[in-house]
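*Asks:* Mind having a look at this structure? Questions to follow.
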Amino acid sequence: MGAESNEVSGADTPAPPAAAREAGRPPAAVGRGAPSAEAADAAGRAEPEAPGGHPASRRPPAVTRDTARPEGGGRAAPGDAPAPVRQWPLLTVLGMTGAGLVVVGTDAFADAFRIGTLLIGVALLTGAVLRRVLGPVGMLAVRSRFTDMITYGVLGAAIVLLALVAQPDPWLDIPILEDAVQFTVR
């Protein structure tokens, strides 16, 4: 009589969580009385489950579980080699950049700023060439090969160009730049 009286009076007994999944409702929505409008709406939007227990949709999962390694992101030397040898492409670019910064920072001679800046730009261009020519480049690989080559190449070329046209006495004379500067300074 107890179970029959609950059905007659309209009060539902709590359903087990398995019944909630089959009904398409979250377990929290199962309880006494009729489900709320939000729970009914969620039940209507529930996606069917694939055999593996995952929703049968084409959307990627909400949580990223792993990050793909960049193309060419493997070691540049065998694993038993010491760490500096394994990362020689990155250390080459960093060494050239560091040398350029030292030249600029010490300002030991008249064109130290221009020479040091050129060295930094050439280091980035070297990184672009290494990224193109070598397969595994270690930690020099940040993104895809194409993206790394374009990024290193454009930044390196821009730094070299700026070093060549720097004032006073630029090594490269581009007339349109002089006109643009005179137009903006007026």
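Bear in mind that the values in this text are calculations on the coordinates, not laboratory data. As the structure is a prediction and not an experimental result, all values here were calculated from the model. We place every Cβ from the backbone using ideal geometry, glycine too, and count neighbours over all the protein chains shown.
*Asks:* With a/c under 1.5 counting as rounded, go ahead and sort segment 83-185 into rounded, prolate or oblate using the C-alpha gyration tensor (a ≥ b ≥ c being the square roots of the eigenvalues; past the cut-off, prolate if a/b is larger than b/c, else oblate).
*Replies:* Taking the square roots of the gyration eigenvalues as a ≥ b ≥ c, segment 83-185 is oblate.
*Asks:* Oh, and also: Contour minus end-to-end for Thr92 and Asp111, with contour as 0.36 nm per residue of separation and end-to-end as the Cα-Cα distance?
*Replies:* 4.5 nm
*Asks:* In nanometres, what is the gap between the two model label sites at Leu172 and Val185, each 7 Å from Cα along Cα-to-Cβ?
*Replies:* 2.1 nm
*Asks:* Points 7 angstrom from Cα along the Cβ direction at Ala77 and Arg58: gap in nanometres?
*Replies:* Taking the simple label geometry, Ala77 and Arg58 are separated by 4.7 nm.
*Asks:* Can you figure out the FRET efficiency of Leu164 with Val85, using R₀ = 22 Å and their beta-carbon distance, to the nearest 0.05?
*Replies:* Between Leu164 and Val85 the formula returns 0.05.
*Asks:* Let me ask something else. Would you work out the charge dipole size for segment 83-185 about its Cα centre, treating the Cβ of every Lys and Arg as +1 and the Cβ of every Asp and Glu as -1, and quote it to the nearest 20 debye?
*Replies:* 780 debye
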